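Worksheet: one structure, shown below.
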Amino acid sequence: MKRPLFVSLLSFFTNLYPPLVYAQEKTETTSTDSASDAVEVQSELGVLGVVNHRIMYSRENTHFDYVKEGGQDNLVTFQRYTAEMKMDDGARLRFVYQPLELRSRTALRRDILVDNVPFAAGTPTQFVYSFPYYRGTYLWETWKSDRTTLHLGLGLQIRNAKTEFQTLDGKTLVSNRGVGPVPLLALTLGYRLSPTLALEFEAEGNHASSAILNGDDADETTGALIDTSLKLSSQINQRFRTFASVRYISGGSRGTTRERDNSTGDGFSSNWIDLAAVSVGLVANLDAF
């Protein structure tokens, strides 16, 4: 006797994607704080807003407010990509790529001076603030209970910065670039709400006055960075989990660097930015395929 079409389809999809009940029964292998070997990749997509962003190149020049004067008052697309290896002793090795580029254009409200280059009020100007970064972090499992897991670790971030002020007619351009290492301290705190739901708080950052720690050879340079997030994740099955996240990123530097190529200024810079993002993501456990 032939089975009804509905029953056949239901059987097919059940075998293709293990149901939520199965994930609950296999809590030890699917929960987000599992200590078993696993390699996961995740993609995150959302919106990002600039809360505060001010910059100055060369002493006695304009302290420019990107949000109030430079058109950074709109939301932009937020993306983040992560690969993580979970060791059988609870340790984690994580790699992050964070694209970040803010482009805007507006007519200047006032005369400004950037690296001793004048821009007149009313001039249509394009602003580029590009700060993508690459980060590797190693986390040790330092404490664990039935529901809670704490990881502490060290990270290294490579900053790849570029800022530009350019008139739309192309006649005037001030461009500054820099690449350097940023060492970080890292913390991850996970709390399992149920067999399939979990909260996770992450923070990575540093504050250093050393020129070496900030990737600069000037003794006067100080810098700081903090990248924090709070995630609510849901385990779908052995292969996938989803999450929603709120993130806050704050950082900057102040000091004198070595003389830049083609620079018209004195090498001094002051830059601080605060960002907030809301996103959703999908995590795939490659070992489950």
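The calculated FRET efficiency for the pair Met87 and Leu232, based on their C-beta separation and a Förster distance of 30 Å, comes to about 0.75.
The candidates Arg54, Arg192, Arg94, arranged from most to least accessible area with a 1.4 Å probe in the full protein assembly, appear as Arg54, Arg192, Arg94. With 0.36 nm allotted per residue and the present C-alpha distance subtracted, the Thr148-Leu286 stretch has 47.3 nm of extension available.
Subtracting the Cα-Cα distance of Leu189 and Lys68 from their residue separation scaled by 0.36 nm leaves 39.9 nm.
For Asn116 and Val76, the difference between the fully extended length at 0.36 nm per residue and the C-alpha to C-alpha distance is 11.4 nm. For the range 232-241, backbone phi angles converted through the Karplus equation (6.51, -1.76, 1.60; θ = phi - 60°) give residue-by-residue couplings of 10, 10, 10, 7, 7, 7, 5, 8, 10, 9 Hz, Gly and Pro being listed as x. Normalised by residue count, the range 64-119 yields a Cα convex hull volume of 129 Å³ per residue. Electrostatic bookkeeping for Ser229 treats Lys and Arg as +1 and Asp and Glu as -1; over the other residues with beta carbon under 12 Å from its beta carbon, the sum is -2. Remark: spin-label model distance Val39-Arg105 equals 4.4 nm, labels positioned 7 Å along the Cα→Cβ axis.
Using a probe of 1.4 Å on the protein chains alone, the accessible area found for Asp88 is around 110 Å². A simple rule links phi to the HN-Hα coupling: the Karplus curve 6.51 cos²θ - 1.76 cosθ + 1.60 with θ = phi - 60°, which for the range 77-90 gives 6, 10, 9, 7, 10, 9, 10, 9, 10, 9, 7, 6, 9, x Hz, with x for Gly and Pro.
The values are calculated or read from the model by the stated rules, or taken from the named source; none is laboratory data. From a predicted model like this one, the values you see are computed outputs, not experimental measurements. Here the Cβ is made from the backbone with ideal geometry for all residues, glycine too, and neighbour counts use every protein chain on show. Note: areas computed on protein heavy atoms with side chains; ligands, DNA, RNA excluded. Shrake-Rupley method; radii C 1.70, N 1.55, O 1.52, S 1.80 Å.
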